[in-house]
1. For Pro517, are the conditions met, namely being part of a loop (DSSP other than H, G, I, E, B) and out of contact with any Asp or Glu (no Cβ under 8 Å at 6 or more places or on another chain)?
2. For the range 51-70, name all the residues that are assigned to a helix (DSSP H, G or I) and surrounded by 12 or more Cβ atoms within 10 Å (Cβ to Cβ).
3. Scan (1) over 29 Å from Phe191 (Cβ atoms); (2) open to solvent by less than 80 Å² (accessible area, probe 1.4 Å); (3) at pLDDT 95 or above; (4) more than 27 Å from the chain's Cα centre (by Cα) for the single condition Phe28 breaks and write down its number.
4. Could you pull out the residue among Ile545, Ile569 that is modelled with pLDDT of 80 or more, out of contact with any strand residue (DSSP E or B) (no Cβ under 9 Å at 6 or more places or on another chain), open to solvent by 90 Å² or more (accessible area, probe 1.4 Å) and of a type in the set (Val, Ile, Thr)?
5. Just wondering, is there one or more residues in the range 43-57 that are of a type outside the set (Lys, Arg) and touching a strand residue (DSSP E or B) at 6+ places or on another chain (Cβ under 6 Å)?
6. Evaluate the range 315-322: report whether one residue or more is over 18 Å from the mean Cα position of the chain (by Cα), open to solvent by 20 Å² or more (accessible area, probe 1.4 Å) and not acidic (Asp, Glu).
7. Output the number of the condition that Leu96 fails; it satisfies all remaining conditions of (1) open to solvent by less than 50 Å² (accessible area, probe 1.4 Å); (2) under 20 Å from Trp453 (Cα atoms); (3) of a type in the set (A, V, I, L, M, F, W, C); (4) more than 22 Å from the chain's Cα centre (by Cα).
Amino acid sequence: MQHLWLIPLLPLAGFLINGLIGKRLPNFPVSVIAVASVALSFGWVLKTLSALGPLETAHVEHYYTWFQSGTLNVGVDLAVDRLTAVMLLVVTGVGLLIHIYAIGYMAHEGGYYRFFSYMNLFMFFMLTLVLGANFLLMFVGWEGVGLCSYLLIGFYTLKKSAGDAAKKAFIVNRIGDFGFSLAMFLVVVNFGSLDFQKVFDAVRPMPVEQSAGLLTAIALLFFVGATGKSAQVPLYVWLPDAMEGPTPVSALIHAATMVTAGVYMTARASVIFERSPMAMDVVAVVGVVTAAMAATIGITQFDIKKVFAYSTVSQLGYMFIACGAGAFSAGIYHLVTHAFFKALLFLGAGSVIHALGGEQDLRHMGGLMKKIPITFGVLACAWLAISGVPGFSGFYSKDEILMAAHHSSPWIYWVGVVTAGMTAFYVSRAMFLCFFGSYRGHHHPHESPFVMWGPLGVLAVLSVIGGWCFNVPHYLAPMFPLAEGAHDETLVYISVAFGLGGIALAFLMYVVSPGIPDVIANALGPIYRLVYHKYLVDELYGAVIVSPLVNGSRALLWRFMDAGLIDGIVNGTATMSRTVGGVLRLFQSGSIRSYAAWVTVGCVVLLMVLGVMAGGVQ
């Protein structure tokens, strides 16, 4: 036994210690507890994977039976296979770097102990999600990361926008979680178990469904859950607003934890998805629509964190394109490289914001290359990686996806290629507006401390070498044997050309001739404004869903049901009791003579009634 339970338990211990006594501790011991718990977890992951070797089969540890009902037996079981191993290294490794960075970024913030206790709890739930050997234990972690996202996005409790963003993330994810729940119910009813191994062993002999059927329903319901957690159309709207939390939270959510959960779950349930071509098509189409739509929005944004937030939505779309094309290993490959360069982009953005005293608007930046050269140097690695420049990590994983997409559906490939060009363009636009030209702000920029740029340096190295150093598809080949498209150098040249073209176009528009963007925006007019306002999707949801629910609840549930019916019954009963009591009170005068008179009247009335009744009988 490798004591897998220690991997999630160590961050949980950090959460409990800081949560219970952290308020009475200085920042330094709080930092040590939080970082050490994640570092020990990362160390235990390395020890465990080293001891387990090549992981030809899954290593499962059963601890106790959670509950049993009839033939359904759900245990607290943790498991490690090659997919889990990849996820454990990403979550604990990148998560550790984010925790270290947060020491410097949050040094002067209130609620320091609360922040780190929540971060440790986030790690615990994500590790539980990844290690769970059955769908129900995965769902515990699934719900837990949703809770932690709510707590951390709304960390700035006095900031209304942060509270609204936290509630938005929580509510939107409940929609996806409902789909996940229904999928689990179908799995239990039809397979009598929630254990991955038992369910997948039962599914493998089943034929591929040529039309809608049981496996299609299960796969699509699981995918509803994935669209919530991994921010796909139409449930993507919460993720860009998640930037209202502190920047390390944005990095943790966007790179290492919550948003990767949907991609991981889809890959974990690949046996089910593979037997439903209809579900696979839905996954691919939703992925490509999300990737393209989010990329267009990213082109128009000026908040540096929002630009990177929409890039996350778009890159997640790429991962689902891979899953929909049957290239699950390529999707996980991009998840890994994305964790490196996206954590670097967000933490680098945090370094810029820290240097400018909280400024996030790209229009108030510029010329920072010379003022914060270390931040520029590390961010440049992430910039070139996400742009797909050859030699950087994003190039390898992105091209694996595009080749698989071309093999599966050429039109998805071409949309993906254009989206890659847009990605290179809007990330380059952010870099040029931030670091090139003249400084347009009002603060005095200063470089971040070592505790912040040290982790950035590590992520920069990983953003450069992560693609060719960690050959994830080769490692996962025993688990995902589906053909992922033959290697075609022509396709590589095309995608690289679009990426480099995006960078060159951004250089022309924002460095060489910075007046061009305004000309284009004015020429496009309403189209530009529509994209700038994010296609008015939030406004549409507000008009079609939120307002009717709120107004309907006020009219039906409050005014009619609560105030009218329920209060009417309660108040009517009280009024009737008061009226009857008022009448009866008249008979309680306390006068014996009055009582005798009423007795006499009562007797006379009674005798008259008896007399009438007797006459009627005769």
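The values are calculated or read from the model by the stated rules, or taken from the named source; none is laboratory data. Here the structure is a predicted model, which is why all the values come from computation and not from measurement. Here the Cβ positions follow ideal geometry from the backbone for every residue, glycine too, while neighbour counts run over all protein chains shown. Accessible surface is based on the protein model in full, side chains and every heavy atom, while ligands, DNA and RNA are left aside. Shrake-Rupley method; radii C 1.70, N 1.55, O 1.52, S 1.80 Å.
1. Details: part of a loop (DSSP other than H, G, I, E, B): no; out of contact with any Asp or Glu (no Cβ under 8 Å at 6 or more places or on another chain): yes.
Judged against the criteria, Pro517 is not a match.
2. Looking only at the range 51-70, we keep the residues that are assigned to a helix (DSSP H, G or I), and these are 51-52.
Scanning the range 51-70 gives a single hit, Leu52.
3. For Phe28, the exception is condition (2).
4. On the way: Ile545 fails: open to solvent by 90 Å² or more (accessible area, probe 1.4 Å).
Exactly one of Ile545, Ile569 is modelled with pLDDT of 80 or more, out of contact with any strand residue (DSSP E or B) (no Cβ under 9 Å at 6 or more places or on another chain), open to solvent by 90 Å² or more (accessible area, probe 1.4 Å) and of a type in the set (Val, Ile, Thr), namely Ile569.
5. Let us first name the residues in the range 43-57 that are of a type outside the set (Lys, Arg), namely 43-46, 48-57.
Narrowing further to those that are touching a strand residue (DSSP E or B) at 6+ places or on another chain (Cβ under 6 Å): 52.
Yes, the range 43-57 contains at least one residue that is of a type outside the set (Lys, Arg) and touching a strand residue (DSSP E or B) at 6+ places or on another chain (Cβ under 6 Å).
6. no
7. Answer for Leu96: the failing condition is (4).
Conditions tested, residue by residue: (1) of a type in the set (D, E, K, R); (2) closer than 25 Å to Asn134 by Cα.
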{"site": "Gly245", "(1), (2)": "no, no"}
{"site": "Val259", "(1), (2)": "no, yes"}
{"site": "Ser270", "(1), (2)": "no, yes"}
{"site": "Asp281", "(1), (2)": "yes, no"}
{"site": "Val289", "(1), (2)": "no, no"}
{"site": "Gly298", "(1), (2)": "no, no"}
{"site": "Val313", "(1), (2)": "no, no"}
{"site": "Ser329", "(1), (2)": "no, yes"}
